[in-house]
Amino acid sequence: MEYNFNEIEAKWQKYWADNQTFKAENTSEKPKFYVLDMFPYPSGAGLHVGHPLGYIASDIFARYKRHKGFNVLHPQGYDSFGLPAEQYAIQTGQHPAVTTETNINTYRKQLDKIGFSFDWSREIRTSTPEYYKHTQWIFTELFNAWYNKEADKAEKIETLVALFEANGTAKVNAVCDEEVEQFTALEWNAFSSKEQEQVLAQYRLTYLSETEVNWCAALGTVLANDEIINGLSERGGHPVERKKMMQWSMRIAAYAQRLLDGLNTIDWPQPLKDSQTNWIGRSQGASVTFNVAGSLSGDEKPKTIEVFTTRPDTIFGVTFMTLAPEHELVSQIVTDEQKETVEAYITATAKRSERDRMADVKTISGAFTGAYAVHPFTGENIPIWIGDYVLASYGTGAVMAVPCGDQRDYDFAKHFNIEIKNIFEGIDVSEKACEDKTAKIANSDFLSGLNVKKATKLAIYELEKAGVGQGKINYRLRDAVFSRQRYWGEPFPVYYKDGMPQMIDAAHLPILLPEVEKYLPTEDGQPPLGNAEVWAWDTETSTVVSNDKIDDKTVFPLELNTMPGWAGSSWYFNRYMDANNPNEFASKDALDYWKEVDLYLGGSEHATGHLLYARFWQKFLFDLNYVPVDEFAKKLINQGMITGTSAFVYRVKPHAGLFSKELEGDKEKYDLFYDRLPQVFHSRQLIDKYYSVEKKSDFSNDKFSEIKKFYQTYNEDNLDLNCISLEFQPIHTDVSFVDTQNELDIEAFRNWREEYKKAIFISESGKVLSPGEDLGEEKYIVGREVEKMSKSKYNVVNPDSICEEYGADSLRLFEMFLGPLEQSKPWNTSGISGSHSFLKKMWRLYANANDFKGVEGEPSKDELKVLHKTIKKVEEDIENFSFNTSVSTFMIAVNELGALKCNKKEILEPLLVLISPYAPHITEELWSKLGNTESIATAPFPVFEPSHLVESAKEYPVSFNGKMRFKLELPLDLSKDEIEKIVMEHEKTQAQLQGRTPKKVIVVPGKIINIVG
RNA sequence: GCCUAGGUGGCGGAAUUGGUAGACGCGCUGGAUUCAAAAUCCAGUUUCUUCGGAAGUGCGGGUUCGAUUCCCGCCCUAGGUACCA
């Protein structure tokens, strides 16, 4: 009987679906294990073979854990809100919900064909009201919470109100806006409710604030940084300006330290942890306040500049201050003489985009404000400069410049001829700054003679004593903007009363996304929800009503922004635990049972987005006792990318070469000639042999005689063709036209596009093939190059066609066989024949065993040895996520058992369980043919028995000076001396030594023999 | 610049605590089977070689009886990040 994979795979996929084989229960005697893939966005392009890599790996692990007796939760769903669907809606007018649904169906069909063990009863989609109801609820919870630094956790806003009522701000230690006003309990209680609201807004974990965005007026949208190229929009190339907008922000910075600390408790890849650490960017130092000279005597409040420094020990080395050009103090302190220069400089920097400023590190620019600051210890006047190397968005937007200790300050000082004061003992700073932290401080009053550590401590102490500074920890992490001016996202459960945002009560959620005519922003620049006609909140009926009912008494306007993509994905892993719960995001029982994801698989591109936000929300939900753990994923693995192998054809492009003077006049005729020419493509190796892709080739060369003859037929004006030079342009061709020998199907290529219909091919042997002429014995070879798999490069390989031709089991094995999971590796379809023929070989092994039924009886020693070394290796491999090596192990096992003509049920049955996580369909089929009536899915994993691997002899490698020269089989129970004696007497040893006496003989019993000398 | 990962045949890769470098697969070569093809099976396949061997894991050193593995310096590739005070 043949291995009919299509039939077998369809049969078992149906069986699993009908029997709900992989449905996870929320109560079980078994230990739990939660395996999750990172949330996919269902794009219109569907899956290519790179996508399932991680899904196959996690599926193998999930199936393995079932064999190991775990209750496994392995769900799947869709992060279905998002920009591409909205973009498509804008272009076509189709509702994003419709296209999203279509895309999801395509995804599902593709996923089903690969035989994943997902529990589809728990499928979720972030764009369904049943789901985003809870996303909206979490948002209101964040709004109704503040961060208590005293308890180091988030608390309900009521506890803050209670503190205000009792003591005002006196006993409040909270994460809040900068510069909040201080008040007493009496004052608080006297505030109007609006005033109280305004105060509370400064403490809430989500709050409205003016944020700068990249506004593109032509597109009517806000753009992300990577959608902007050279100050223009990526799409259309329209101008982009910085614009302030009132937006929701998330106070993630409150969690900076805990997000950092939490990294030590989770098993995530080091590079990923490193990038989160960098992103959070903790730096320890001090904040120092400098008074602006001359501002002390006036009537006004003295002007001060606050800076953050990581090196307070170098405070005596300060010779100037630098403010960011955007710093608000600049306009206040600039002197009349300097006004013009400073303003010109500010205008110049404002024109440069952030990207320009970043790209251009070498140009030093700045301007003197004319003002001076007073050194807190020496009382000296130090000039205040502005310079764009100081960023307004980091720290306080101002630095105390210590040119002797910081290279950027040094370069700035050199450029503008500012004093460089040396405060390091015995170090020359005439060439460059000293950034070495082992240098001793000198020339620094009370800090002189101290090392960095001691000086830092003392400097902070003195700053605090003088009331001009304090020790401080600064984080790079900014609060996250949470508003999007888009349609296809979660609506905020927010309405505005008297200009203040009001949360809609949880009981009335979800607030459904309204229907709109157009998905574009409104003409007056409002987000797309501004187009909705029924988008007002009636506080009496607690329903969404028509806009014309707005009276600002009982009916109020609703928020027009929507939530960003990361809202829905920041808590979805909790939803899977109880996906169909209509009342809560998940029941307490379900949360307490599943707790967290045990294995999370996905790409490293989510390092500082999804994975940071999700950790933030989890910690918040933990603080409010909604979830039992404060890290949502115990272990995380980044799977590498599968790259595509693009194929290129080489189009000949004739160029006018070096014209002699008399040919100059024929330029037009030449152009006409080029236009008449059909497209000509050269075979790759032909080019390699004679010409070069990179360089232009001289057409007068004899090598081109064939093509020249051909071109001559188009040469109506009798032009001199010898002055032409040729260039070869590599053009992507669809990889499906190319076979494993890199030969192109020229018919398929000609039919691909109208412009190639009449294409001419120059074959490998140099023959010119006109349209209609087929290759015959000739070959056309394409060039190949490894690139990212993408539609535009025509190198996408579709898993469906692979499943059809070779089967899902072959695909699964091959994807794992390609190489280590974490590494990126190129796809090469021809390799799949290896894993496919392995499955056929395996099928034959079982077919030969009493027509699939297997033979009862004692297996031989050798058979047992093969089985048990396979058990050992495969178990180790899966535990180490080394899936590629276990595929090799299976191949070896089947090869060896085939050689032994093994037909014993006692061997063949456990072997199926080992292979089943990797190739679930064929193993189910063979399992049932062996006489089992239950699915293999929960069959226990075979237990490794070391006694079967015990050997009595070892084939020792005999090395001379560390190089293996021959092998010698010896019993394992020999002593070192006995081994040495036998080896030394061996004729090959004597031959190697050629009469020399060895200096030393190393014998490691059971391992190696090494003879030195 | 900094951080991280990596560099092994024609290709993907293996070598788990330092102990036989190149497992397994692709590709290629030859053979068997076949009218022929597909499929299958068998043999070979790092390089050089005077056929005895010799060299060899990015480069240069070091530790060791022994290094793909450990240490030092350098080169290259990929990913991340950036005037971060």
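Please treat every number below as a calculation from the coordinates, not as lab data. Everything quoted here is computed from the prediction, not taken from an experiment. Using ideal geometry, Cβ is built from the backbone for each residue, glycine included, and neighbour counts are taken over all protein chains shown.
What the table shows:
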item: Separation of the A:GLU668 and A:LYS976 label points, Cα + 7 Å toward Cβ, nm; result: 9.7 nm
item: Relative packing of A:392-405, A:699-712, which averages over residues the other C-beta atoms within 10 Å, highest first; result: A:392-405, A:699-712
item: Distance-filtered residues of region A:877-893 - backbone nitrogen under 20 Å, label point 7 angstrom along A:LYS68 Cα→Cβ; result: A:877-890
item: Extreme residue, positive dipole direction of chain A, given options A:ALA224, A:ILE423, A:GLY93 (C-beta unit charges); result: A:ILE423
item: Convex hull (Cα only) mean projected area of region A:390-468, reported in nm² to one decimal; result: 6.0 nm²
item: Convex hull of Cα atoms in region A:1-45, direction-averaged projection (nm²); result: 6.5 nm²
item: Sites A:THR438 and A:ASN722, calculated FRET efficiency, Cβ-Cβ separation with R0 56 Å, nearest 0.05; result: 0.20
item: Cα centroid separation - region A:878-931 against region A:119-152, whole Å; result: 44 Å
item: Shape metrics for chain A, restricted to C-alpha atoms - Rg then Dmax, Å; result: 36.3, 110
item: Within-10-Å neighbourhood charge of A:TYR203 [Cβ basis; K, R +1; D, E -1]; result: +1
item: Intensity falloff of region A:282-475 expressed as log10 I(q)/I(0), Debye formula with alpha-carbon point scatterers, at q = 0.15, 0.16 Å⁻¹; result: -0.91, -1.04
item: Computed Rg/Rh of region A:728-830, alpha carbon atoms with Kirkwood Rh; result: 1.02
item: Dipole moment magnitude, nearest 20 debye, region A:421-546 about Cα centre, only Lys, Arg, Asp, Glu C-beta charged; result: 1060 debye
item: Debye intensity ratio in log₁₀ form over the Cα atoms of region A:476-635, taken at each q of 0.17 Å⁻¹; result: -1.09
item: Among A:VAL240, A:VAL950, A:VAL649 the positive-end extreme of the charge dipole of chain A (Cβ point charges); result: A:VAL950
item: Mean Kyte hydropathy of 0.5 or more with a Cα span along the axis of at least 18 Å, helices from DSSP in chain A; result: A:883-899
item: Percent breakdown of C-alpha pair distances by 10 Å bin, ordered from the shortest bin, for region A:474-547; result: 17, 45, 28, 9, 2
item: Alpha carbon centroid spacing (whole Å) that separates region A:173-212 from region A:431-469; result: 38 Å
item: Equivalent ellipsoid semi-axes - Cα gyration tensor, region A:503-590, angstrom; result: 29, 18, 9
item: Pairwise FRET efficiency - A:LYS757 versus A:HIS655, Cβ, R0 = 41 Å, nearest 0.05; result: 0.95
item: Of A:LYS243/A:LYS453; A:LYS303/A:LYS497; A:LYS133/A:LYS153, pairs whose Cα-Cα distance is over 32 Å; result: A:LYS243/A:LYS453; A:LYS303/A:LYS497
item: Extension gain (nm, one decimal) between A:SER882 and A:GLN196, 0.36 nm per residue minus Cα-Cα; result: 241.1 nm
item: For region A:237-313 versus region A:940-1013, the gap between their alpha-carbon centres in whole angstrom; result: 64 Å
item: Length added when fully stretched, A:HIS415-A:ALA170, from 0.36 nm per residue minus Cα-Cα; result: 83.4 nm
item: Positive-pole candidate from A:TYR496, A:PRO514, A:VAL983, dipole of chain A, charges at beta carbon; result: A:VAL983
item: Within-10-Å neighbourhood charge of A:VAL334 [Cβ basis; K, R +1; D, E -1]; result: -3
item: A:MET984 versus A:SER331: modelled label distance in nm, points set 7 Å from Cα along the beta carbon direction; result: 9.5 nm
item: FRET E, pair A:ASP702, A:GLU431, Förster distance 41 Å, beta-carbon r, rounded to 0.05; result: 0.10
item: Per-peptide average of other Cβ atoms within 10 Å, ordering A:55-62, A:159-166 highest first; result: A:55-62, A:159-166
item: Per residue, the convex hull volume that the Cα atoms of region A:61-101 enclose (Å³); result: 77 Å³
item: Over 32 Å (Cα to Cα) - which of A:LYS30/A:LYS861; A:LYS635/A:LYS869; A:LYS113/A:LYS791; A:LYS873/A:LYS976; A:LYS11/A:LYS904; A:LYS14/A:LYS793 fall in this group; result: A:LYS30/A:LYS861; A:LYS14/A:LYS793
item: Rounded to the nearest 20 debye, dipole of chain A from Cβ charges on Lys, Arg, Asp, Glu; result: 3140 debye
item: Dipole in debye (nearest 20) - region A:807-949, about Cα centre, beta carbon charges: Lys, Arg +1; Asp, Glu -1; result: 460 debye
item: Protection proxy ranking of A:526-532, A:191-197 - average other beta-carbon atoms within 10 Å, highest first; result: A:526-532, A:191-197
item: Square roots of five times the Cα gyration tensor eigenvalues for region A:852-986, Å; result: 37, 17, 12
